[in-house]
Amino acid sequence: MRILVILPFVPWSVRVRSSNLIPRLARRNTIDLVCLAGSEHDLSKLNGIRACCATTECAMHSKTRALFQVAKALLTPVPLRMAYASSPAMEESVRRLIERSTPDLIYVERWRGLQYVPLDCGIPVLCDPTDSMILYNKRLISRGNWWERLLGIEEYLKFLRYEPALARRATRTIFCSRVDRDCLLETDANLACEIVPNGVDCSRFFRKRDEEAEPATIIFTGNFGYRPNRHAAEFFLDRILPAVKRECPKVLFLLVGNGARDRLRKYTSVPGVELIDFVPDLRPYLARATVAVAPITVGVGVSNKVLEAFSVGTPVVATALACGDLPVQDGKHLYLANDPGLFCERVLNLLHDTSLRAQMADEARSLVEKDYDWDVVTAKLELVMQRTAESSGFRDAAATSRDAHRILVN
């Protein structure tokens with residue numbers, strides 16, 4: 001197939017889903033890529049994926065323009081996420097590539113990328129929003145800071161109307177977890193939705209040797225430019241780590257990922273805490289850790305950080321929210337804990353019990369090898385893509401798309 005991939009961001013390693021799926025899709029398909037960049041620095045990150053694509057185009061989108069668009073959208077029915085990413089330059093690039101390459105399928109990641117696709121383009125559209133924005137904002141309202149709750153209320157109410165209309169605009173929609181898919185289906189049970197989970201590169205995140213692990217070392221990984229990861233880091237640092245340190249004074253807590261030093265700078269001087277910005281290879285840090293944590297309190301979907309720790313063989317303590325609908329069993333694949341006290345207790349159990357760590361690591365690694373390696377996930381996605389491209393109901397879907405567009409613009 002020839003696939004036109006549309007992304008409202010530049011795909012690089014921090015964008016885990018697209019940066020892993022695109023190279024694998026390119027093995028058996030021809031990929032044309034159109035994406036949005038906020039700066040020349042963003043644009044430079046595109047170099048790593050150009051070789052996988054027949055064509056790459058990138059539209060520039062300044063933060064000043066994006067914020068101005070958000071301000072204009074405050075008193076309109078348009079969600080702020082959609083307004084932020086609105087780009088006539090992207091729409092023109094997409095239109096030009098459709099005419100030039102005549103793709104068999106258009107694949108769009110995130111709802112905000114769907115606005116670049118022309119109506120009645122004559123090509124099936126597979127939208128991969130990954131997460132439900134209705135569910136995300138619903139959780140933000142209950143767990144965010146006061147200003148996040150206000151923002152969450154506005155976005156929740158807007159996406160209640162917008163999200164199902166966006167799904168009708170696409171031929172088919174995929175989510176990374178069942179809970180996100182079901183949230184959308186509650187608004188319209190007739191929507192064409194499927195699940196393609198997140199994954200992990202098991203060859204890159206290979207199982208660690210015993211000698212790689214350091215004693216009393218805890219790790220939390222992620223993109224700290226993403227607010228749910230900052231929420232999780234602050235939750236652990238403020239409410240869990242002090243209790244862990246009382247029982248294990250020499251514990252070291254590593255926070256590794258894009259923006260760690262900048263976004264969590266107030267913790268720089270905290271003893272036993274090490275902030276490490278983006279690293280090209282995360283595996284040595286995961287291998288170094290005794291325990292990995294995923295204390296997610298706001299968010300949706302399945303955290304890649306859980307799958308990566310599983311793959312390396314570092315046992316995990318996580319909130320249920322971090323696991324989405326992963327088929328994990330508490331005490332077998334990982335420890336689950338939502339309460340700070342229980343979370344602390346379970347971290348300490350793993351820090352002190354070598355045999356328990358080894359047993360959990362074996363079970364978790366087997367799980368990801370079987371169902372969550374990116375090669376397995378890509379094969380699932382290709383089947384959905386093939387069915388979407390061959391969809392006999394596409395013409396009816398085009399009419400539905402026009403109806404959905406009328407909802408979105410009125």
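Computed from the coordinates by the stated procedures, all read-outs in this text should not be read as laboratory data. On a predicted model such as this, the values are computed, not experimentally measured, just so you know. Using ideal geometry, Cβ is built from the backbone for each residue, glycine included, and neighbour counts are taken over all protein chains shown.
Ranking LEU252, LEU166, SER203 by Cα position along the charge dipole of the stretch 157-303, where only Lys, Arg, Asp and Glu carry charges on their C-beta atoms, puts LEU166 farthest toward the positive end. Which of the aspartates and glutamates could be linked to LYS250 by a straight reach, that is with a Cα gap under 14 Å, when you skip same-chain ones fewer than 8 residues away? In chain and number order, the partners are GLU214, GLU274.
Placing a label point 7 Å from the Cα of ASN338 along the Cα-to-Cβ direction, the residues of the stretch 142-174 whose backbone N falls under 20 Å of that point are 142-145, 149.
Here each label is just a point 7 Å from Cα along the line to Cβ, and for ALA243 and ARG387 those points are 4.4 nm apart. In the chain, taking the dipole from charged Cβ atoms about the Cα centre, the farthest positive-side position among LEU140, TRP12, LEU36 is held by LEU36.
Sparsely packed loop sites in the stretch 195-224 (the trypsin sites (Lys or Arg not before Pro) outside DSSP H, G, I, E and B with at most 11 other Cβ atoms within 10 Å) comprise ARG209. Remark: the chain carries a charge dipole of roughly 760 debye about the Cα centre, counting +1 on each Lys and Arg Cβ and -1 on each Asp and Glu Cβ. For the stretch 169-272, a simple Cβ point-charge model (Lys and Arg +1, Asp and Glu -1, everything else neutral) yields a dipole of about 400 debye relative to the Cα centre. Past 21 Å, Cα to Cα, is the threshold; run LYS63/LYS266; LYS45/LYS266; LYS208/LYS370 against it and keep the listed order. Cα-Cα > 21 Å for LYS63/LYS266; LYS45/LYS266; rest within. Over the C-alpha atoms of the chain, the Rg to Rh ratio, Rh being the Kirkwood estimate, stands at 0.97. Peptide packing for 286-298, 6-18, 43-55, 95-107 was compared via the average number of neighbouring C-beta atoms within 10 Å per residue; ordered from the highest value, the list is 286-298, 6-18, 95-107, 43-55. Charged side chains reduced to their Cβ positions (Lys and Arg at +1, Asp and Glu at -1) give the stretch 210-371 a dipole of some 600 debye around its Cα centre. Computed from Cα atoms, the angle from the helix 88-101 axis to the main principal axis of the chain rounds to 70 degrees. Mind checking which of LEU75, LEU184, LEU282 has the largest fluctuation in a GNM of the chain, springs on alpha carbons under 10 Å? So, out of LEU75, LEU184, LEU282, the one fluctuating most is LEU75.
Within the straight-line cut-off of under 17 Å between alpha carbons, the lysines reachable from LYS138 are LYS158, sequence neighbours fewer than 8 places apart in one chain being disregarded.
Considering only Cα atoms, the convex hull volume of the stretch 210-371 works out to 100 Å³ per residue.
Counting Lys +1, Arg +1, Asp -1, Glu -1, what net charge surrounds SER39 among other residues with beta carbon under 14 Å of its beta carbon? Residues near SER39 contribute +1 overall. Helical content of the chain, expressed as a calculated mean residue ellipticity at 222 nm, amounts to -14500 deg cm²/dmol (DSSP H runs of 4 or more residues, -39,500 (n - 2.57) each, divided by residue number, nearest 500). Each of ILE49, MET60, VAL328 was placed along the dipole of the chain (beta-carbon charges, centred on the mean Cα), and the one lying farthest toward the positive end is MET60. Applying the criteria of a DSSP loop state and at most 12 other Cβ atoms within 10 Å to the trypsin sites (Lys or Arg not before Pro) of the stretch 221-256 yields LYS250. What share of Cα pairs, in percent, lie more than 25 angstrom apart in the stretch 130-245? Here the long-distance tail beyond 25 Å is 44 percent of all Cα pairs in the stretch 130-245.
Qualifying GluC sites (Glu not before Pro) in the stretch 137-195, where qualification requires a DSSP coil assignment and no more than 13 other C-beta atoms within 10 Å, comprise GLU186.
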